[in-house]
Amino acid sequence: MKVTLYNTLSRQKEEFIPYDKNEVKMYTCGPTVYWYQHIGNMFAYVWADIFQRTLKFADYNVKHVMGLTDVGHLVSDDDSGEDKMEKGSRREGISVWDLAKKYADQFFKDTASLNIQRPPTVCPATHYIQEQIDAVKKLEENGFTYQTSDGIYFDSSKDPTYGELAKLDIEGLCAGERVEMAEKRCKTDFALWKFSPKDEKRQMEWDSPWGVGFPGWHIECSSFCLSTLGEYVDIHTGGIDHIPVHHTNEIAQNKGITGHRVVKYWIHNNFIVKADGTKISKSEGDKMLVENFVEKGYNPLAYRYLILSAHYRKQMKFSEDLLKMAQTALERLNEKVLELKKETQEISETTHAVAWLNKIKVVLFDDFNTAQAITVFRDSLNSDLTDSEKLYIVQEVDRVFALDLGKEIQILIPENIKELAEKRLHARQNKDWAESDRLRDEIETLGYSIKDISEGYEITEKK
RNA sequence: GGCCGGUUGGCAGAGUGGCUAUGCAGAGGACUGCAAAUCCUUGUACAUCGGUUCAACUCCGGUACCGGCCUCCA
């Protein structure tokens with residue numbers, strides 16, 4: 001079944017045709033591990049995960065690579081300002097190496113809780129210094145660089161197609177009005193290798209043919225991508241904010257190194273915004289972590305469900321109320337699947353079931369329309385399919401949704417609660433409604449809910 | 001200022017040139033000792049003004065408002 005996706009390069013939906021039909025190569029820009037990754041940051045990784053899962057669902061073998069920026073790059077894109085990692089290191093009083101480890105660990109913990117599959121290859125920049133030096137050397141050989149007193153720069157004027165991804169107005173940008181250019185020839189030029197300051201010993205610095213220093217930010221992704229996936233990469237994902245600078249520069253570097261286009265499809269996710277329409281800022285990021293919501297009693301997968309219920313190219317609103325709504329919807333959906341499992345253990349892949357599954361695939365493969373896919377999935381659960389056919393659909397769609405549908409959550413009910421519940425059952429059998437209601441209140445006060453069913457009762461943790 | 005994108009029922013959010021989105025919340029009913037859960041029923045949304053059309057929320061153009069990027073950023 002064919003997959004179509006929206007390519008930022010052409011600004012339209014295109015049929016997905018990989019370079020090599022047997023293996024899809026996909027690259028995702030990873031986090032900079034100098035600070036927490038809040039739920040807004042996680043949005044991009046949930047989507048990257050859905051993209052790769054969807055492609056696997058469409059029977060492609062997917063080779064997914066993600067970068068990890070653990071080398072300090074500078075606070076500003078125009079290569080000035082402080083170094084983020086060094087700054088973070090001072091803030092926390094630990095080495096940059098420990099800082100990187102701390103936030104990388106946190107990142108992978110959070111992605112795991114959201115059922116994001118860890119890409120088989122993750123490239124920390126500090127492990128790929130030689131590759132980055134080689135990439136800069138290649139650019140130098142091909143005549144795309146120049147040297148200033150503080151580093152080696154990419155000469156964007158050498159690339160006639162520079163800025164095509166973002167449809168940048170180069171004339172306007174290159175004029176260099178109020179922008180601090182230092183020794184750069186054009187505003188769109190950027191550092192490939194920065195020299196360490198003469199009077200300062202950096203915690204992270206390496207030898208290079210041009211002198212001791214460290215690699216620029218943009219060269220990371222190009223060199224990871226080229227060294228792990230080769231010169232022909234099918235898909236590159238990232239946030240829309242990367243279009244004008246980071247990805248624009250990646251494209252220019254790739255072209256300068258290989259002499260041809262490397263990435264075929266660029267996929268960009270939008271942002272989540274708060275209910276008032278504004279972005280989550282970096283400074284409040286530590287209050288908007290996945291684990292903050294887990295502490296408040298939310299299932300991280302409720303956030304995943306919320307994300308799936310909207311389109312990746314549109315802004316998604318986020319608030320605690322919306323998360324609560326998503327959690328309720330997910331719980332009920334899950335209940336429904338658990339009911340099915342009570343009825344049967346079997347999973348039958350019949351033509352009827354496959355036909356329904358194909359309906360889901362059609363919308364999912366049309367630019368990753370997960371919201372529509374969930375709706376069709378719900379329709380299938382309400383259809384005339386048998387329970388075991390429905391379970392087949394559940395099993396299949398959850399390969400992409402990854403919402404742990406039908407996973408029983410075992411909770412331990414304390415003995416005293418069980419005793420109260422038994423007492424209440426007796427009271428009910430004796431039609432002592434006053435005592436029964438009193439016991440129910442007592443159980444509620446202790447943090448549990450009780451509901452009567454035909455065979456007796458059910459206890460759950462109170463929400 | 002430049003470049004993008006958006007405006008759908010109480011909330012969130014898909015989608016479509018003519019036909020129910022869906023979810024959450026709400027209302028009514030069934031069931032229940034009462035609840036809970038579940039089931040059934042229910043709500044004539046598509047910013048605005050023009051145009052194209054037999055027919056537009058859906059296509060085209062103008063207007064208003066909102067947001068993003070241009071500065072670290074998913």
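What follows is calculated from the coordinates using simple rules that are stated; it is not laboratory data. Just so it is clear, the model here is predicted, and its values are computed rather than measured. Cβ atoms come from the backbone with ideal geometry, glycine included; neighbour counts cover every protein chain shown.
Worth pointing out:
- Gyration tensor (alpha-carbon) shape descriptor, segment A:116-265, a/c threshold 1.5: oblate
- Inter-label distance, nm, simple model (7 Å from Cα along the C-beta direction), residue A:335/residue A:294: 2.6 nm
- Sparse-neighbour loop sites [trypsin sites (Lys or Arg not before Pro); segment A:308-402; at most 16 other C-beta within 10 Å; DSSP]: A:313, A:314
- Each Lys and Arg contributes +1 and each Asp and Glu -1, all at the Cβ; summed about the Cα centre of chain A, the dipole is approximately 480 debye.
- Computed from the Cβ-Cβ distance with R0 of 51 Å, the FRET efficiency linking residue A:446 to residue A:241 stands at 0.60.
- Two-site FRET efficiency, residue A:261 against residue A:379, from Cβ-Cβ distance with R₀ of 41 Å, rounded to 0.05: 0.50
- Computed over chain A, the per-residue total of -39500 (n - 2.57) for DSSP H runs of n ≥ 4 gives a 222 nm mean residue ellipticity of -13500 deg cm²/dmol, rounded to 500.
- Shape box of segment A:415-461 [Cα atoms, principal axes, largest first, Å]: 25, 21, 15
- The phi torsions of segment A:135-152, fed into the Karplus equation with coefficients 6.51, -1.76 and 1.60 and a -60° offset, translate into couplings of 5, 5, 4, 4, 5, 5, 4, 7, x, 9, 10, 8, 10, 10, 5, 10, x, 9 Hz, rounded to whole numbers, with Gly and Pro shown as x.
- Helix axis angle, A:370-381 relative to chain A longest principal axis, alpha carbon, degrees: 20 degrees
- Secondary structure note: in segment A:18-155, about 35% of the DSSP beta bridges are antiparallel.
- You can think of it this way: the chain between residue A:328 and residue A:431 has 33.8 nm of extra reach, that is 0.36 nm per residue less the Cα-Cα gap.
- Net length gained if the chain between residue A:413 and residue A:1 were fully extended (0.36 nm per residue, minus Cα distance): 143.6 nm
- Restriction of the trypsin sites (Lys or Arg not before Pro) in segment A:197-285 to DSSP coil positions whose beta-carbon has at most 12 other beta-carbons within 10 angstrom yields A:198, A:201.
- Share antiparallel - DSSP beta bridges, chain A, percent rounded to 5: 50 percent
- When both bridge partners sit in segment A:4-269, DSSP labels roughly 45% of those beta bridges antiparallel.
- Estimated distance in nm for a label pair at residue A:167 and residue A:310, the labels positioned 7 Å out from Cα along Cα-to-Cβ: 2.4 nm
- Inter-label distance, nm, simple model (7 Å from Cα along the C-beta direction), residue A:23/residue A:362: 3.4 nm
- Taking the C-alpha atoms only, the angle from helix A:387-401 to the longest principal axis of chain A is near 30 degrees.
- Remark: the residue A:13-residue A:438 segment gains 146.9 nm on full extension, using 0.36 nm per residue and subtracting the alpha carbon distance.
- When the GluC sites (Glu not before Pro) in segment A:402-463 are filtered for DSSP coil states and for at most 11 other beta-carbon atoms within 10 Å of their beta-carbon, the remaining sites are A:408, A:455.
- Highest mean first, the peptides A:229-242, A:183-196 sorted by other C-beta atoms within 10 Å per residue fall in the order A:183-196, A:229-242.
- On Cα atoms only, tilt of A:415-429 relative to the major axis of chain A in degrees: 40 degrees
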